[in-house]
Amino acid sequence: MPRGLDHHLKTLRIPMGQWRNTGLIPPVILLTGLAGIGKKTVARYLGQWLLCETFGPSCERPCEKCSSCLSISQGLRLIELGSSGASGAGQEDSESDHSNTGVLKIDQFRKLKEKMGFGSDDQVSKVILIPSADRMTQQAGNSILKLLEEPPQGWVFILTCNDPALLLPTLVSRCIRLSLKPLSPSILEEILREKKIASGRVAICSALSLGSLGRALLLAEDENWTQRKIIAQFLAEPGKHLQNLIDWATTHPIHFDLLLDLVEQGTHDLILWSTPPQNGAHAWRQSDLVTEFQSHAAQVEKTLGSKDAARNFWVSQNERLSEIRLKSFAPVNRKLLTQDLLLPWLGVSA
């Protein structure tokens, strides 16, 4: 069993035990947690447990050997964000939770109901996974709300989302919510070493991931590792790297999200560096980029006249970043959002 899933089973064990003992399976389960923390992996595990041909939910865990466990396609249907409808489990994305980049629309729910019909069994017969439910349009949210008010007999819905605050409150109220906890740095570093990640990247990727294995693995990839350094160089010399960053961030939604994450991490470190009693003795998480961060900090302090003014600038940029992140959930021009994020840095650095 993957170490990440083994970690999350600590969260699942109590509710799964209650469902097993009472025989009452909740029709709607909401899995929440950081992007890349493994929500889909947990959802697939729950799907196996519910549909296992050998044991079913009457046992502690699925057998992971029967045809349903080996190929969830006999019961689990996955609605892909931005796709035209339900698809088999074989098309599920990776554990990273980063590949869902579209918006879930009302037509997908209509096609789901047309394609699957309605069940009548007392036992669980269909498990429907709706990933990144916080990316639903309002119409789609209202559509699924109507469906969840009287879920078909034998259906179980598993929704995943990073931020439940972006879901309709009435939708959240219909769900049994399971909040997945971040992985500890020691577990993350152990998994990264097992995956043969370069030793110089392990501690940094673990620190920047905030407990998300998917994010740590994403950061460890060669291209993203290089872009992380370019983002730090942008802070020190924004004019030199601005256009390259804009071009990179707009080639794929994953790049855009990663840019937001890394700028947020950098400004967070800069804010801590400027806050007493650090006085410049801050332990930078990106230890290989201290020169770039300190160069940027010195420039901003000189331009704005004080460390307090510099800190206020970094705080304001984090606030802007949060606004941009929310805007990115709608169908918008990410190039304009990227420019909106990066251009203010030109005025405070050389």
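The values are calculated or read from the model by the stated rules, or taken from the named source; none is laboratory data. Fair warning: this is a prediction, and the values are worked out from it, not measured in the lab. Neighbour counts are summed over all protein chains in view; Cβ atoms, including those assigned to glycine, are modelled from backbone coordinates with ideal geometry.
Before moving on, here are some points about what is shown:
- Checked against (1) under 25 Å from residue 193 (Cβ atoms); (2) surrounded by 16 or more Cβ atoms within 10 Å (Cβ to Cβ); (3) among the hydrophobic types (A, V, I, L, M, F, W, C), residue 9 passes all but a single condition, namely (2).
- Residue match in region 279-288 (condition: surrounded by fewer than 21 Cβ atoms within 10 Å (Cβ to Cβ), over 22 Å from residue 307 (Cα atoms), in the same structural domain as residue 326 (by TED's automatic domain parsing) and in contact with a helix residue (DSSP H, G or I) (Cβ under 9 Å, 6 or more places away or on another chain)): yes
- Summed over region 178-200, the residues that are within 20 Å of the chain's Cα centre (by Cα), surrounded by fewer than 18 Cβ atoms within 10 Å (Cβ to Cβ) and farther than 17 Å from residue 210 by Cα give a count of 0.
- Taken together, the residues in region 1-25 that are farther than 18 Å from residue 181 by Cα, at pLDDT below 90 and small (Gly, Ala, Ser) amount to 1.
- When the test is whether a residue is buried (at least 18 other Cβ atoms within 10 Å of the Cβ), among the small types (Gly, Ala, Ser) and at pLDDT below 75, residue 96 passes it.
- Of the helices (runs of 4 or more DSSP H) lying entirely inside region 156-263, the ones with 1 or more residues being free of Cβ contacts under 8 Å to residues at least 40 places away in the same chain and closer than 30 Å to residue 297 by Cα are found at 185-194, 199-209, 213-220, 222-236, 238-249.
- Cβ pairs under 8 Å, 6+ apart, first in region 306-327 and modelled with pLDDT of 95 or more, second loosely packed, with under 13 Cβ neighbours inside 10 Å and among the aromatic types (Phe, Trp, Tyr): none
- Top-ranked residue of region 22-58 - restricted to ones that are among the small types (Gly, Ala, Ser) and outside any loop (DSSP other than H, G, I, E, B), ranked as farthest from residue 134 (Cα to Cα): 58
- Selection status of residue 168, of a type in the set (A, V, I, L, M, F, W, C) and touching a Cys at 6+ places or on another chain (Cβ under 7 Å): no
- Of all the criteria given as (1) surrounded by fewer than 16 Cβ atoms within 10 Å (Cβ to Cβ); (2) farther than 17 Å from residue 346 by Cβ, the one not satisfied by residue 243 is (2).
- Any chance residue 140 is more than 25 Å from residue 5 (Cβ to Cβ), in the same structural domain as residue 44 (by TED's automatic domain parsing), buried (at least 16 other Cβ atoms within 10 Å of the Cβ) and in contact with a strand residue (DSSP E or B) (Cβ under 8 Å, 6 or more places away or on another chain): yes
- Region 12-64, residues that are crowded, with 19+ Cβ neighbours inside 10 Å, closer than 26 Å to residue 149 by Cβ and of a type in the set (Ser, Thr, Tyr): 32
- Test result for residue 204, touching a Lys or Arg at 6+ places or on another chain (Cβ under 8 Å) and not assigned by TED's automatic domain parsing to the domain that holds residue 155: yes
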